[in-house]
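The values are calculated or read from the model by the stated rules, or taken from the named source; none is laboratory data. Computed from a predicted structure; not experimentally measured. Every residue, glycine as well, gets a Cβ built from its backbone with ideal geometry; the counts of neighbours run over all protein chains shown. The protein model used for the area step is the full one, side chains on, heavy atoms only, and it has no ligands, DNA or RNA in it. Shrake-Rupley method; radii C 1.70, N 1.55, O 1.52, S 1.80 Å.
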Amino acid sequence: MFAGDMYMEFFGMSDRPFSLTPDPDFLYWADGHRAAFTVLEYGVVTRAPITVLSGEIGVGKTTLLQRLLETLDESVTIGLISNAQGGRGELLRWVVGALGISVPKEADYVETYQLFQDHLIEEYAAGRSVTLVIDEAQNLSVEALEELRMYTNINSGRDELLQLVLVGQPELRERIMRPDLKQFAQRIVAAYHLSPLDADATAGYIRHRVTHSGAIEPVFTDAAVAEIVQQTRGIPRLINKLCEFCLVYGAINNEKPVSGTTVTQVVADGVFVAGFAQTGRAAE
């Protein structure tokens with residue numbers, strides 16, 4: 001039996017509440033996440049040239065992005081790129097591939113760019129806007145970012161034909177503030193930096209996911225939640241990892257609700273890896 005099945009039965013759950021796979025159905029609307037989503041939505045709806053969402057690893061950027069994509073109607077054509085790398089020519093290949101533009105293998109940069117521009121014009125003439133979403137955008141070079149800025153200059157004389165949504169780690173925010181990217185920064189209409197959850201939001205996040213999974217009784221004691229806050233520093237991905245192990249331990253030990261002692265034991269056993277220094281309790 002898979003460990004998740006074991007604890008789901010023990011705690012009366014119909015679904016795993018702390019899966020690491022981004023799941024918009026489990027999205028908890030903390031204040032920061034609601035604000036971040038509003039910025040993303042505003043950028044797309046208003047056809048802003050560039051919208052930027054940054055945040056630490058695991059704070060929920062990709063989940064918000066997936067929720068945004070679910071809400072868009074057929075009038076918005078989406079091209080999604082994850083972890084694009086390379087220079088000017090390579091980036092354009094990523095872009096045309098994401099938008100489903102057919103390009104002959106022998107086509108050079110100029111020919112590929114013309115096909116890209118023609119596609120944007122055709123979409124605009126059909127009443128559709130084109131939004132290019134780039135996840136893990138912190139990996140883009142300065143040259144690539146400048147290339148993207150040039151794409152946003154394609155217009156109909158009245159409207160921009162391409163909108164960019166860049167999502168990435170804090171390095172992205174730092175990079176776009178460089179003096180040599182001043183023109184890029186000036187094209188950014190909306191930007192938001194998503195922070196980890198505070199203690200109250202972490203507790204609300206855990207309750208939300210547990211309830212959404214079908215559990216009725218309290219699954220974690222207050223002491224357990226307080227320990228989870230300390231160990232994860234409010235990063236949702238780490239909260240999910242630690243809570244998942246705690247549920248397994250709770251089911252094995254026939255403990256309901258899970259206690260703070262069990263959370264401490266999970267950490268002491270080394271099965272939970274946070275990615276930052278841990279000495280029993282997380283550093284303040």
- Task: Enumerate the pairs (first residue in segment 125-150 and more than 19 Å from GLN169 (Cα to Cα); second residue anywhere and open to solvent by 10 Å² or more (accessible area, probe 1.4 Å) and outside any helix (DSSP H, G or I)) with beta-carbon separation below 6 Å, excluding pairs fewer than 6 apart on the same chain, so at least 6 apart or on different chains.
- Result: ARG128/SER75; ARG128/THR77; SER129/ARG47; SER129/VAL76; VAL130/THR77; THR131/VAL76; THR131/ILE78; ARG149/ARG187
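Looking at GLU74, is it surrounded by fewer than 22 Cβ atoms within 10 Å (Cβ to Cβ) and in a helix (DSSP H, G or I)?
Spelling it out, it is not the case that GLU74 is surrounded by fewer than 22 Cβ atoms within 10 Å (Cβ to Cβ) and in a helix (DSSP H, G or I).
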- Note on the structure: Residue set VAL130, VAL165; condition farther than 30 Å from THR232 by Cβ and either under 21 Å from the mean Cα position of the chain (by Cα) or at pLDDT 95 or above (or both); output residue VAL130
- Message: Can you tell me how many residues within segment 24-72 are hydrophobic (A, V, I, L, M, F, W, C) and under 10 Å from the mean Cα position of the chain (by Cα)?
- Response: 5
- Query: Here is a list of conditions, (1) in contact with a Leu (Cβ under 7 Å, 6 or more places away or on another chain); (2) part of a loop (DSSP other than H, G, I, E, B), and GLU106 meets all of them except one; can you say which number that is?
  - Reply: (1)
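Listed here are the residues, each with its yes/no results for (1) surrounded by fewer than 17 Cβ atoms within 10 Å (Cβ to Cβ); (2) free of Cβ contacts under 8 Å to residues at least 60 places away in the same chain; (3) among the hydrophobic types (A, V, I, L, M, F, W, C).
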site	(1), (2), (3)
VAL189	yes, no, yes
LEU197	no, no, yes
ALA224	no, yes, yes
CYS246	no, yes, yes
ALA268	yes, yes, yes
